[in-house]
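Structure first, commentary second.
The values are calculated or read from the model by the stated rules, or taken from the named source; none is laboratory data. Note that the structure is predicted; figures quoted are calculated from it, not measured. Cβ placement follows ideal geometry from the backbone for every residue including glycine, while neighbour counts extend to all protein chains displayed. Ligands, DNA and RNA are stripped out before the accessible areas are found, and what is left, the full protein with its side chains, is counted by its heavy atoms. Shrake-Rupley method; radii C 1.70, N 1.55, O 1.52, S 1.80 Å.
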Amino acid sequence: QVQLVESGGGLVQAGDSLSLSCAASGRRSFVNTLNIAWFRQAPGKERDLVAVISWSGSMTDYADSVKGRFTISRDNDKLEAYLEMNSLKVEDTAVYYCAASGSNWLSRLDSTVYNHWGQGTQVTVSS
């Protein structure tokens, strides 16, 4: 029903910037009712929320660890979401996933409500 494809990952040095993209496919009127989030998962670790944005509005939320460094945005015409990452740290190294949820905004921090996931893109930050 909804397909998500991430791109933009790569190998960078600490302090560098990187931009990730999430391209969505599906019926526009449906996709644009969904919250879009970025998660990340390091090997052996839990998948954690990085940022989330409501496609029906301008509301955003971020993990404390990325506030002031990362920015989530969207382009509803292109049916894409983005994650601009600045001042990257080694601890940002992970596979980054975009995900979509039709659940209420109040549940946005719960990973279990996201039922559409991309395959992920690797971000590696070296010192």
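For the stretch 19-127, what log10 I(q)/I(0) values come out of the Debye formula at q = 0.10, 0.11, 0.12, 0.15 1/Å, with one point per alpha carbon and no solvent?
-0.25, -0.31, -0.37, -0.58
What is the distance, in nm, between label points placed 7 Å from the Cα along the Cα-to-Cβ direction at Asn115 and at Leu79?
The answer from the label model is 1.9 nm.
Could you pull out every one of the aspartates and glutamates with an alpha carbon less than 13 Å from that of Lys67, ignoring same-chain neighbours closer than 8 positions?
Those aspartates and glutamates meeting the cut-off are Glu84, Asp92.
May I ask you to derive the FRET efficiency for Phe30 and Ser87 from their Cβ-Cβ distance with R0 = 35 Å, giving the value to the nearest 0.05?
0.50
Share of the chain's accessible area from carbon and sulfur, percent, 1.4 Å?
So the carbon and sulfur contribution to the accessible surface is 46 percent.
Given a Förster radius of 25 Å and the C-beta distance between Gln1 and Asp48 as r, what FRET efficiency does 1/(1 + (r/R0)^6) yield to the nearest 0.05?
With R0 = 25 Å, the Cβ-Cβ based efficiency is 0.50.
About the Cα centre, and with charges only on the beta carbon of Lys, Arg (+1) and Asp, Glu (-1), how big is the dipole of the stretch 1-98? Nearest 20 debye, please.
200 debye
Roughly how far apart, in whole Å, are the Cα centres of the stretch 53-127 and the stretch 14-51?
Cα centroid of the stretch 53-127 versus Cα centroid of the stretch 14-51: 4 Å apart.
So if I average 1/r over every pair of distinct C-alpha atoms in the stretch 73-124 and take the inverse, what Kirkwood radius in Å does that give?
For the stretch 73-124, inverting the mean 1/r across all distinct Cα pairs yields 12.9 Å.
Per DSSP H run of n ≥ 4, the term is -39500 (n - 2.57); total these for the chain, divide by its residue number, and report the mean residue ellipticity at 222 nm rounded to 500 deg cm²/dmol.
-500 deg cm²/dmol
Please give the contour-minus-distance gain from Gln13 to Met59: 0.36 nm per residue of separation, less the Cα-Cα distance, rounded to one decimal in nm.
13.5 nm is the gain from fully extending Gln13 to Met59.
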